[in-house]
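The values are calculated or read from the model by the stated rules, or taken from the named source; none is laboratory data. Keep in mind that this is a model prediction, so the values were computed, not measured. Note that each Cβ is placed from the backbone with ideal geometry, even for glycine, and that neighbours are counted across all protein chains shown.
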Amino acid sequence: MRLRYSYRIDPTPGQRLALARAFGCARVVFNDALRMRNDAQHNGLPFVTDADLSAAVITEAKKRPERAWLCEVSAVVLQQALADCTTAFRNFFSSVSGKRKGPKIAPPRYRSKKDNRQAIRFTKNARFKITEGGKLSLPKIGDIAVRWSRDLPSEPSSVTVIKDAAGRYFASFVVQVTETALPKVAAATGIDLGLGHFAV
């Protein structure tokens with residue numbers, strides 16, 4: 001079973017700039033991918049595959065002067081932004097076809113730098129780690145201080161760095177835990193005697 005453990009983090013001013021750069025690059029990749037798929041749909045073209053998207057909005061985009069700054073952040077952050085776009089489309093299509101339960105989901109929308117929540121995700125491929133001193137080490141960002149309120153039950157498989165509307169930063173770790181059965185208790189019966197007075 002996978003669980004999330006979230007902690008407050010305290011990046012330095014320089015690390016905040018690096019995180020802002022990573023947030024912006026992930027947002028641009030997501031929006032470029034969304035635009036390509038929307039354009040293909042409007043022009044009656046086949047659905048753009050993940051491989052074609054990755055080549056167009058990441059690999060080839062890095063070679064263009066107007067997107068050269070994509071090289072300044074971890075490639076895993078960009079790939080995860082692309083995965084988020086694919087997941088958004090998959091959820092939308094499942095909602096439209098009725099495969100997804102619950103209320104209908106709107107089509108994916110473009111991300112804005114004015115959104116209340118900014119987030120980037122690092123997987124094991126990004127080689128993030130927790131240092132011996134208890135800091136969160138992220139590629140091209142550095143070692144960030146973490147306010148550990150409890151220990152992680154196992155080694156995390158990914159971490160999402162979040163900036164909320166109040167300007168606070170959080171690290172949300174995904175960890176794998178084993179399910180443990182609750183101890184058996186003797187059967188008990190409760191009797192509701194009601195209320196003598198509704199208000200006093």
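The residues of the stretch 75-96 that are touching a helix residue (DSSP H, G or I) at 6+ places or on another chain (Cβ under 9 Å), among the hydrophobic types (A, V, I, L, M, F, W, C) and either within 20 Å of T160 (Cα to Cα) or exposed (fewer than 15 other Cβ atoms within 10 Å of the Cβ) (or both), listed by number, are A75, V76, V77, L78, A81, L82, A83, C85, A88. When the test is whether a residue is surrounded by fewer than 13 Cβ atoms within 10 Å (Cβ to Cβ) and not β-branched (V, I, T), Y169 does not pass it.
Kindly evaluate A40 against the criterion of being within 22 Å of V159 (Cβ to Cβ), of a type outside the set (S, T, Y), at pLDDT below 95 and not in a loop (DSSP other than H, G, I, E, B). For A40, the condition - within 22 Å of V159 (Cβ to Cβ), of a type outside the set (S, T, Y), at pLDDT below 95 and not in a loop (DSSP other than H, G, I, E, B) - is not met. Note on the stretch 97-162: no enclosed strands (runs of 3 or more DSSP E) hold 3 or more residues that are among the small types (G, A, S), modelled with pLDDT of 90 or more and surrounded by 10 or more Cβ atoms within 10 Å (Cβ to Cβ).
Selection over the stretch 163-172 of residues that are basic (K, R) and part of a loop (DSSP other than H, G, I, E, B) gives a count of 1.
Could you check, for the stretch 82-104, whether at least one of its residues is of a type in the set (D, E, K, R) and within 17 Å of the chain's Cα centre (by Cα)? Within the stretch 82-104, one or more residues are of a type in the set (D, E, K, R) and within 17 Å of the chain's Cα centre (by Cα).
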